[in-house]
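Right, one structure below, let's go through it.
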Amino acid sequence: MLSEKITSSHSIPFWRDIRVLRVIGQVLFLLIIAAGIWWLLNNLQMNLKTAGLNIGFRFLKNTAGFPISEGLRYNPTDVNAYAFWVGIVNTIRVAVIGIVLATVIGIVVGVARLSSNWLVKKLAGIYVEVIRNIPLLVQLFFWYFAVMLTALPLVGDSIRLPGSIHLTRRGVYIPWATATESFSTWMFYVIGGLALAIIVYVLRRTQLKRAERPGFPIAWAGMVFILIAFAGWFLTSGNPLALTVPVLKKFNFTGGLWLSTSFTALLMGLSVYTGAFIAEIVRAGILAVSKGQIEAAKAVGLKRAQVLRLVVMPQALRVIIPPLTSQYLNLTKNSSLAILIGYYDLMNVGTTIFNQTGRAVEMILLIMASYLTMSLLTSLLMNYYNRRMKLVER
Amino acid sequence: MSVTSNEGIIIYRDVHKWYGDFHALRGITFTMQKGEVIVICGPSGSGKSTCIRTINRLEEHQRGQIIVDGVELTNDLRNIDTIRREVGMVFQQFNLFPHLRVLQNVALAPFWVLKMKKSKAEEIAIQLLERVGIPEQAQKYPAQLSGGQQQRVAIARALAMTPKIMLFDEPTSALDPEMIKEVLDVMKELARSGMTMIVVTHEMGFAREVANRIVFFDFGQLIEENTPEEFFHNPQHERTKLFLSQILDY
Amino acid sequence: MNDNQQIVHTVKEQLRPPIERIPVFRWLKENLFSSWLNVILTVVSTALIVTVVFGLLKWALGARWEVIPANLKLLLVGTYPVEYLWRVWTTGYMIAFLLGFSGGSHGGLMRRVSTTAALISIVLAVLPFPWGTRGWLVGIAVAAAVGFGLGYLGKGIRWCKRLEIAAWILSFPISLVLLNGVGGILPVIGRRTTWGFLLNLIGAVVGIGLSFPIGVLLALGRRSELPAVRWVCTAYIEIIRGVPLISLLFMASIMLQLLLPANIRPDLLIRAMMTVTAFSAAYMAENVRGGLQAIPRGQYEAASAVGLNKALITILIILPQALRLVIPAIVGQFISLFMDTTLFGFIAILELLNITRSIMGNIEWRGTIFELYVFIGIVFWILCYSMSYISRRMEKTLGVGER
């Protein structure tokens, strides 16, 4: 008699069954989303039809017809797809160099903020607070229009920095090494040295492991590599790399490497700006290692350097790496502001192709896909690293 | 949904639960009568907490049958709502709502779930706070109270729904020693008033004094079930004897 | 009893810690010259400071600052019609009044913020602006003071608090209507009007205001038990966060109208606002998610144990706690969104930064590029720094408060 009263699982009306409700909820949700997307796409189709357009990527094979003044070797007669690729490489170029510079600035300023020297501490603090609270674009404009194009002298009377670096209104000229014909011979030594170094590293590491002793296998490997690379340099006939120094000829410099005004301004702006954020991350990371950890490490008799290498760095890095990656991503995304100061990054090339061809939808998809790919690749790498570094937590 | 007394207010029939591959409850079967006080003990990780959390479906069981007050716990939304209204629960970490005052903590559920008038809900809340002995704290925030006081508020909050059954999940484990007694006193009073209670605890003194039955859990199984008298003086199972020797020979 | 007294007597009186006076020169030695490295660092930084400060001073004294006052109106409110400027001021009064009210009723940080705002307006009124402007500026201080008085009187009264919250929320649409106008009653500000710095402010406020509810929903969706909801929300958030704002603005300027029916052709300004909202919502969602994650599981369990359903748990228990935790993060987001509004220039909207180009195009002001950028930098810096300062203070008070 009672068993009838007990509502058993067979007789639940579907509108009260959690499992059924969940499925219905999700289906409904997806239907609404799909309807929204369908509506947008439908509008798109109608609009394209009235404008007499269609969607397709064949225009990428057409001749680009516009110049790109820096980056990979490129001709206006090359196809759009290649022009876009030049833009992508330019984005990666400014992003990678910017990331290196920003990291250096960030570490120096971050450590300076914790300095025992009052003046240094305050200076670093002012740098961070000033830079972080002014829009990046204002800073970029400042670097580009005010510093590069107004404050710097004409090519004729460039500002010379030690090491034959010339700052001019037309860009920055720095000495640069170019490969000579014996370069490939030397590369052979370099690659050989690298291989040998890896072997040495592995051997030394297993040896240390077996002997159960501490040591620096990486230092051994580095030594081997440098030795062989050096030996190779002298064994190769003629210098594999030739240093060319910028020299003023009539109206312009020849030799060396030319960094365009927009590239220099973008690089400076991005690294100075991101450096301020990285400084805060570095500082927080170092502060996150509790005093007790350092005291404990000292108490077991580790030397200062060992404390830093074995206790502070691993823990600080665990705190630093995730926000650092997002700063790197931010820098990469911010490099799209290049378009406003005329550097040919992927955003700039992309919009130029749009202006030439009128392909709005396609170019936006391409631009977004490029940035998304970079973001996704970075976060995948990041996740992998995080998983490896994660403390064993309960 | 009335219940014939001989059937039991809580019925477990071969209840199983897995966390991934881990078999947390391995065929629990027992029946509890209205008005009973049952103490569940056992080593940590033995499944005792999991077991009482299946009663109000904070955890879902995957096999077997749980019937609370004549209602089987299934995926039926209404049944779950019904049971949660009838079963109060007190947690190890109190879990008071830190953004609400003590009074609001207690009056929240009557107001929103039972759709009581606000004045009525607050009146009940005051009464309950008097019952657990802290009416003067009504306007404070939980963080301003001691652990013992917080746990008493948590009991009042659970009682505000006038539950038929009260679950206590290690209610004194997070408390400083000097505060344990004030909470246990409230629980004793509750037991004497005829409340049906299941208590997971290590307080053996409380178990001896208040419990009708003691249930011993290990490895997700119900190892032994006995009256306090028998349980402490004449444990049947080797595992129980070992456990008792570990916690009592101090 | 006796025992108790005994104990009381054995407890020693609590003493104040001795005040340590550090002589100037010991401070110098400890903080600047403690080691050789420090001596070198001190010398180098002093040299740096002297060069920079000297250079800046030299430039600042010779700079043509007159470009700023001459174009101040253009920079701040663009070509907003002079006869309607009272609407901008009224909006300012409303905000000042509300700030004062909150300051009066809450005290603490809010009070300092409102008094500072009033003080700043008085200081500005002393500067040699036209007399009309000065009058308006004094009005700001007066509005704040009146609000302060009323707020102080209404302190602790329940309906006053509710009124205050409602007024803050309502001030948002009211300001927009007031500034933009509404058909029939207030003349609508024409499409060809440029808004100058006002646009940067509106862009950031609209972006944060509208993205807040969307962001909360997205964050809840990303933590949903329903996989389909979770995936869609995650995809939206990650896609938006994976691309630069400028690419979204580009999309808004050339592609958005393709996605809408032929009879809906929103103004460029509206499209920009939509973009900023969509962009900001993804970041808002991540901030809110951070707050949601900080709420312990026990809160959900306790709330469901007393019989609350999922919606009630979210509204009554989880969101109030989570949102309080993320206020500082939202302020941070507001600051960066505010700075990001300078990108509007990319789609030919004349905000503060873009307007400088038209000033520099004027032959009279050629070569004032440094002055203009420094001015813009200072304006943004003051606003952003004070906001981040407030949010940091808030973080501290919130942290100590009720948890």
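For region C:375-385, give me the residue count where each residue is free of Cβ contacts under 8 Å to residues at least 60 places away in the same chain and either among the hydroxyl-bearing types (Ser, Thr, Tyr) or open to solvent by 10 Å² or more (accessible area, probe 1.4 Å) (or both).
5
Determine whether B:Val15 is modelled with pLDDT of 90 or more, within 26 Å of A:Pro13 (Cβ to Cβ), touching a strand residue (DSSP E or B) at 6+ places or on another chain (Cβ under 6 Å) and open to solvent by less than 10 Å² (accessible area, probe 1.4 Å).
Values: modelled with pLDDT of 90 or more: yes; within 26 Å of A:Pro13 (Cβ to Cβ): yes; touching a strand residue (DSSP E or B) at 6+ places or on another chain (Cβ under 6 Å): yes; open to solvent by less than 10 Å² (accessible area, probe 1.4 Å): yes.
Spelling it out, B:Val15 is indeed modelled with pLDDT of 90 or more, within 26 Å of A:Pro13 (Cβ to Cβ), touching a strand residue (DSSP E or B) at 6+ places or on another chain (Cβ under 6 Å) and open to solvent by less than 10 Å² (accessible area, probe 1.4 Å).
Kindly indicate which of C:Arg357, C:Arg366, C:Arg393 is of a type outside the set (Asp, Glu) and under 30 Å from B:Pro98 (Cβ atoms). Steps first, please.
Working: C:Arg357 fails: under 30 Å from B:Pro98 (Cβ atoms); C:Arg366 fails: under 30 Å from B:Pro98 (Cβ atoms).
C:Arg393 is the lone residue from the list that is of a type outside the set (Asp, Glu) and under 30 Å from B:Pro98 (Cβ atoms).
State all residues of region A:61-78 that are surrounded by 15 or more Cβ atoms within 10 Å (Cβ to Cβ) and without any contact (Cβ under 8 Å) to a residue 40 or more places away in the chain; if no residue qualifies, say none.
A:Leu72, A:Tyr74, A:Asp78
Would you mind finding the one in C:Leu57, C:Leu76, C:Leu37 that is in contact with a strand residue (DSSP E or B) (Cβ under 8 Å, 6 or more places away or on another chain) and either at pLDDT below 90 or more than 14 Å from chain A (Cβ to nearest Cβ) (or both)? Give the steps one after another, and end with the answer.
On the way: C:Leu57 fails: in contact with a strand residue (DSSP E or B) (Cβ under 8 Å, 6 or more places away or on another chain); C:Leu37 fails: in contact with a strand residue (DSSP E or B) (Cβ under 8 Å, 6 or more places away or on another chain).
Every option except C:Leu76 fails the conditions.
Restricting the search to region B:60-93, which residues are within 8 Å of chain C (Cβ to nearest Cβ) and out of contact with any strand residue (DSSP E or B) (no Cβ under 8 Å at 6 or more places or on another chain)?
Of everything in region B:60-93, those that are within 8 Å of chain C (Cβ to nearest Cβ) and out of contact with any strand residue (DSSP E or B) (no Cβ under 8 Å at 6 or more places or on another chain) turn out to be B:Asp81, B:Arg84, B:Arg85, B:Gln93.
Of the conditions (1) more than 14 Å from the chain's Cα centre (by Cα); (2) in a helix (DSSP H, G or I); (3) surrounded by 20 or more Cβ atoms within 10 Å (Cβ to Cβ); (4) in contact (Cβ under 8 Å) with a residue 40 or more places away in the chain, A:Ile367 fails just one. Which one is it?
The failed condition is (4).
Which ones in region C:18-60 are open to solvent by 90 Å² or more (accessible area, probe 1.4 Å) and farther than 17 Å from A:Asn117 by Cβ?
The answer is C:Pro18, C:Ile19, C:Glu20, C:Arg21, C:Thr51, C:Phe54, C:Leu56, C:Leu57, C:Lys58.
Restrict the check to region C:300-313 and report whether at least one residue is under 24 Å from the mean Cα position of the chain (by Cα) and open to solvent by less than 50 Å² (accessible area, probe 1.4 Å).
No, region C:300-313 contains no residue that is under 24 Å from the mean Cα position of the chain (by Cα) and open to solvent by less than 50 Å² (accessible area, probe 1.4 Å).
When region C:66-79 is examined, which residues are found to be in contact with a Leu (Cβ under 9 Å, 6 or more places away or on another chain) and either in a helix (DSSP H, G or I) or farther than 29 Å from C:Phe370 by Cα (or both)?
Within region C:66-79, the first condition is being in contact with a Leu (Cβ under 9 Å, 6 or more places away or on another chain), and the residues that meet it are C:67-68, C:71, C:73, C:75-79.
Hits for region C:66-79 are C:Val67, C:Ile68, C:Asn71, C:Lys73, C:Leu75, C:Leu76, C:Val77.
Pairs only if they're at least six apart or on different chains, beta carbon under 8 angstrom, first in region C:249-271 and under 15 Å from A:Gly358 (Cα atoms) and within 7 Å of chain A (Cβ to nearest Cβ), second of a type outside the set (Asp, Glu) and surrounded by fewer than 16 Cβ atoms within 10 Å (Cβ to Cβ); list them, first residue then second.
C:Leu258/A:Leu48
Check whether at least one residue in region A:163-174 is of a type in the set (Phe, Trp, Tyr) and either more than 8 Å from chain C (Cβ to nearest Cβ) or more than 30 Å from C:Ser391 (Cβ to Cβ) (or both), and report yes or no. Even if it seems obvious, please write down each step before you answer.
Start the filter on region A:163-174 by keeping residues that are of a type in the set (Phe, Trp, Tyr), which leaves A:173.
After this cut, where a residue has to be either more than 8 Å from chain C (Cβ to nearest Cβ) or more than 30 Å from C:Ser391 (Cβ to Cβ) (or both) as well, the list is A:173.
Yes, that holds for at least one residue.
Given the options B:His233, B:His237, name the one that is farther than 24 Å from B:Met197 by Cα, over 18 Å from the mean Cα position of the chain (by Cα) and open to solvent by 20 Å² or more (accessible area, probe 1.4 Å).
Of B:His233, B:His237, the one residue that is farther than 24 Å from B:Met197 by Cα, over 18 Å from the mean Cα position of the chain (by Cα) and open to solvent by 20 Å² or more (accessible area, probe 1.4 Å) is B:His237.
Could you count how many residues in region B:94-123 are more than 7 Å from chain C (Cβ to nearest Cβ), without any contact (Cβ under 8 Å) to a residue 60 or more places away in the chain and not aliphatic (A, V, I, L, M)?
12
Could you look through region B:130-163, keep only residues that are more than 12 Å from chain C (Cβ to nearest Cβ) and surrounded by fewer than 18 Cβ atoms within 10 Å (Cβ to Cβ), and pick out the one that is farthest from B:Met197 (Cα to Cα)?
It comes out as B:Gln139.
Out of all the residues in region A:111-131, which are open to solvent by 60 Å² or more (accessible area, probe 1.4 Å) and facing chain C (nearest Cβ under 10 Å)?
Restricting attention to region A:111-131, the residues satisfying the condition of being open to solvent by 60 Å² or more (accessible area, probe 1.4 Å) are A:111, A:114, A:116, A:118, A:121-122, A:126.
Passing the criteria: A:Ser116, A:Trp118, A:Lys121, A:Lys122, A:Ile126.
Could you tell me whether region A:379-387 includes any residue that is more than 11 Å from chain C (Cβ to nearest Cβ), within 20 Å of the chain's Cα centre (by Cα) and closer than 30 Å to A:Leu44 by Cβ?
Looking for residues that are more than 11 Å from chain C (Cβ to nearest Cβ), within 20 Å of the chain's Cα centre (by Cα) and closer than 30 Å to A:Leu44 by Cβ, one finds none in region A:379-387, hence no.
Regarding C:Ile208, is this residue open to solvent by 60 Å² or more (accessible area, probe 1.4 Å) and touching a helix residue (DSSP H, G or I) at 6+ places or on another chain (Cβ under 6 Å)?
Numbers: open to solvent by 60 Å² or more (accessible area, probe 1.4 Å): no; touching a helix residue (DSSP H, G or I) at 6+ places or on another chain (Cβ under 6 Å): yes.
So C:Ile208 fails the test.
Quick one: B:Val199 ticks every box in (1) at pLDDT below 95; (2) β-branched (Val, Ile, Thr); (3) within 26 Å of B:Glu59 (Cβ to Cβ) except a single one, so which number is it?
(1)
For region A:148-162: of the residues being outside any loop (DSSP other than H, G, I, E, B) and either acidic (Asp, Glu) or in contact with a Phe, Trp or Tyr (Cβ under 9 Å, 6 or more places away or on another chain) (or both), which is nearest to the other protein chains (Cβ to nearest Cβ)?
Checked region A:148-162; the qualifying residue nearest to the other protein chains (Cβ to nearest Cβ) is A:Thr150.
With the requirement that a residue be surrounded by fewer than 17 Cβ atoms within 10 Å (Cβ to Cβ) and either in a helix (DSSP H, G or I) or not assigned by TED's automatic domain parsing to the domain that holds C:Val326 (or both), what does region C:213-233 give you?
Correct list: C:Pro213, C:Leu217, C:Pro227, C:Arg230, C:Trp231.
I'm checking my understanding of the structure. Among residues of region B:23-55 that are within 14 Å of another protein chain (Cβ to nearest Cβ) and modelled with pLDDT of 90 or more, which one is surrounded by the fewest Cβ atoms within 10 Å (Cβ to Cβ)? Explain how you work it out, then say what you get.
Looking only at region B:23-55, we keep the residues that are within 14 Å of another protein chain (Cβ to nearest Cβ), and these are B:31, B:44-45, B:49-50, B:52-55.
If we keep only those that are modelled with pLDDT of 90 or more as well, we get B:31, B:49-50, B:52-55.
On the way: B:Thr31: 14, B:Ser49: 21, B:Thr50: 20, B:Ile52: 23, B:Arg53: 21, B:Thr54: 24, B:Ile55: 22.
Checked region B:23-55; the qualifying residue surrounded by the fewest Cβ atoms within 10 Å (Cβ to Cβ) is B:Thr31.
Is it true that A:Val111 is at pLDDT below 95, more than 27 Å from A:Thr373 (Cβ to Cβ) and assigned by TED's automatic domain parsing to the domain that holds A:Gln356?
So A:Val111 passes the test.
Give region B:181-203 a look and list any residue that's in contact with a Pro (Cβ under 9 Å, 6 or more places away or on another chain) and part of a helix (DSSP H, G or I), or say none.
B:Val183, B:Leu184, B:Met187
Any residue at all in region C:191-201 that is modelled with pLDDT under 90 and open to solvent by 50 Å² or more (accessible area, probe 1.4 Å)?
Within region C:191-201, one or more residues are modelled with pLDDT under 90 and open to solvent by 50 Å² or more (accessible area, probe 1.4 Å).
The values are calculated or read from the model by the stated rules, or taken from the named source; none is laboratory data. Only a predicted model underlies this, so the values are computations on that prediction, with no experimental measurement involved. Note: ideal-geometry Cβ built from the backbone for every residue, glycine included; neighbour counts use all protein chains shown. To get the accessible areas, we keep the full protein, side chains included, count just its heavy atoms, and leave off ligands, DNA and RNA. Shrake-Rupley method; radii C 1.70, N 1.55, O 1.52, S 1.80 Å.
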